[in-house]
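Only one structure is covered here, and it is reproduced in the block below.
The values are calculated or read from the model by the stated rules, or taken from the named source; none is laboratory data. Fair warning: this is a prediction, and the values are worked out from it, not measured in the lab. All Cβ positions, glycine included, derive from the backbone under ideal geometry; neighbour counts span all protein chains shown. For accessibility, only protein heavy atoms count, side chains too; no ligands or nucleic acids. Shrake-Rupley method; radii C 1.70, N 1.55, O 1.52, S 1.80 Å.
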Amino acid sequence: MLSEMTKHAERCAEIVRLTSEALVVSHIDADGLTSAAIIGRALEDAGIEYSTVFVKQLGETELSKIADTNPPLTIFTDLGSGVLSEIKELGITAVVSDHHQPSTTDTLPARDELISHLNPHLFGLNGSRELSGSGTTFLLAQALSRERGGDKKRGLPSLAVVGAVGDLQHLKDGRLTGANRTILKIGAENRELSYAPDIAFFGKQTRPIFKLLEYATDPYLIGLTGNEDACIAFLKGVGIRLQGERWRRWIDLEKKEKQRIVSSLIQHQMKKGVSPQRLERVVQEVYTLEDETEGTELRDAQEYSTLLNATARYDRAEIGFNVCMGDRGGALEEAERLLKEHRRNLVSGMKFVKENGVVELEHLKYFDAGNRIRDTIVGIVAGMSHSIIGDRDLPIVAFARASTPHEREELKVSARATQHLIHKGLNLGAAIHIAAEKVNGTGGGHDIAAGATIPLETKDEFIQYLNEEIKKQTKKQTTG
Ligand SMILES: [Mn+2]
């Protein structure tokens, strides 16, 4: 229950208050960056000095580095729950504020003499849907500043929503639910956040309208996705003027024009035989950050989280973190430059997939990018090329060589599914986990997006296991 979790957050905050200095260790993605900024702002408020470290994972190397630094208090955000006993072995005082499935709930209580553990799973909440790392850390930050009257500190609910959206927690229901929704409502009360159903596609604030359709992947727009000319013709066909002084963006359109596009898209999809259940997905709840400038990435939670990921994926997490901390000068400029570079890389990644094609098996399709696509973005390329490549709606699996030197002998796996496949019973995270374990790798993730690291030579074996698992999952649903 959320109220119990909030109470436990108070106890964790008491530990934080005892220190004058802390090390914040966070995950290197949008949820991790917003988590670090949320606790960072609360620490600043409380007069506690801190520094930040962003990591991909908490392996032996990362943990021993932290132990060497020996900070008076370490706050782990958006990671840590999977390695609680390893953290305990370091003998450091720590607060772990995470939403990933804990590995050792049974052996370590929520409060140990050294480690305080805040995680929605401990309180019966679903950490993959109802609360993100940033939402969990929001509860901690709120508890930390409560006695200072900073209960509804401006900006923090927005960051928590950006983190949740970055972790795709809104996708399953087309809107944020559970504890995430409670935080959203706090932000709406503050008038820093607003939410409404709107077109689901990415780039409403910053991209020309036809690009919105061209890059639509979930749901995939039959005959439009991936085809710029077709998108332009479609919009002209329903009487939309594409250009004003510049290319018109979604936010430049009149309400009536938006409605016309949405209903025409639904009709278009219907004519192509898309099921009613999937038609609805053209619209989903959209989150607007009211304090940010219109027409910038920061105004839209989905675009904001993409901007942050663009810094994190190129080892420039501190840039994204500074944007979250309020830097609208140099950091924002650099983040936007990284985003442009990121888009160029995605385009060339897509080009690679188009030219080389995918291999289709019975229950999945895959491609191997070798070292032609960076392992940190190959998953996005997979998601984008999902429906453009291959004829059938199958999960797509992408392989890339690991880019970090000590992981040279490993292969990174990224996989993406669609909501439609999930309705059919697919849980990609679970399937990947099983297949990876069978080849002595590690993997897991969410039902719609998952990843793994496997020994280089086990690729073919892994694919077979994964194909089998997906078969089992999707068969169960259709017959049962
Ligand atoms: Mn997360």
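Can you pull the percent of the stretch 2-192's accessible area that's carbon plus sulfur, 1.4 Å probe, other chains left in place? Solvent-exposed carbon and sulfur of the stretch 2-192 make up 46 percent of the total. Subtracting the Cα-Cα distance of Ser3 and Thr453 from 0.36 nm times their residue separation leaves 158.3 nm of extension gain. Binning the alpha carbon pair distances of the stretch 323-371 at 10 angstrom intervals from zero yields the distribution 22, 30, 21, 19, 8, 0, expressed in whole percent. Counting only C-alpha contacts under 8 Å and six or more residues apart, can you give the relative contact order of the stretch 357-473 as a whole percent? With pairs under 8 Å counted, the relative contact order is 23 percent. Backbone amide hydrogens, once placed in the peptide plane, bring Thr74 within less than 5 Å of Leu23, Thr93, Ala94, Val95, excluding anything fewer than 5 places away on its chain.
What distance in nm lies between label points placed 7 Å from Cα along the C-beta direction at Lys272 and Arg392? Here the modelled spin labels are 1.9 nm apart. Note: the stretch 206-279, Cα convex hull, 88 Å³ per residue. Indicate the gyration tensor shape class of the chain (rounded, prolate or oblate), computed on the Cα atoms with a ≥ b ≥ c the square roots of the eigenvalues: a/c under 1.5 is rounded; otherwise a/b larger than b/c is prolate and the rest oblate. Cα axes put the chain in the oblate bin. Size descriptors for the stretch 357-473 (Cα atoms only): Rg and Dmax, in that order, 12.7, 39 Å. If the only charges are +1 at each Lys and Arg Cβ and -1 at each Asp and Glu Cβ, what is the size of the charge dipole of the chain around the Cα centre, to the nearest 20 debye? So the magnitude is around 1960 debye. Only aspartates and glutamates eight or more places from Lys354 in sequence, or on another chain, were considered; those with a Cα closer than 17 Å are Glu214, Glu228, Asp368, Asp391, Asp393. Gain on full extension, evaluated as 0.36 nm per residue between Ser403 and Ser85 minus their Cα-Cα distance, stands at 111.6 nm.
Farthest toward the dipole's positive end in the chain, which of Ser128, Pro276, Gln57, given Cβ charges of +1 (Lys, Arg) and -1 (Asp, Glu) about the Cα centre? Checked the options; the winner is Pro276. Bridge orientation summary for the chain: considering DSSP beta bridges with both residues in this region, about 55 percent are antiparallel.
For the stretch 195-289, the tally of Lys pairs with Cα-Cα distances below 24 Å comes to 18, considering only residues 8 or more apart or on different chains. Computed from the alpha carbon atoms alone, the convex hull of the stretch 239-342 holds 148 Å³ per residue.
Distance from the C-alpha centroid of the stretch 424-439 to that of the stretch 22-63: 30 Å, rounded to the whole angstrom.
Residues in the chain average 43 Å² of solvent-accessible surface per residue, probe 1.4 Å, ligands and nucleic acids excluded.
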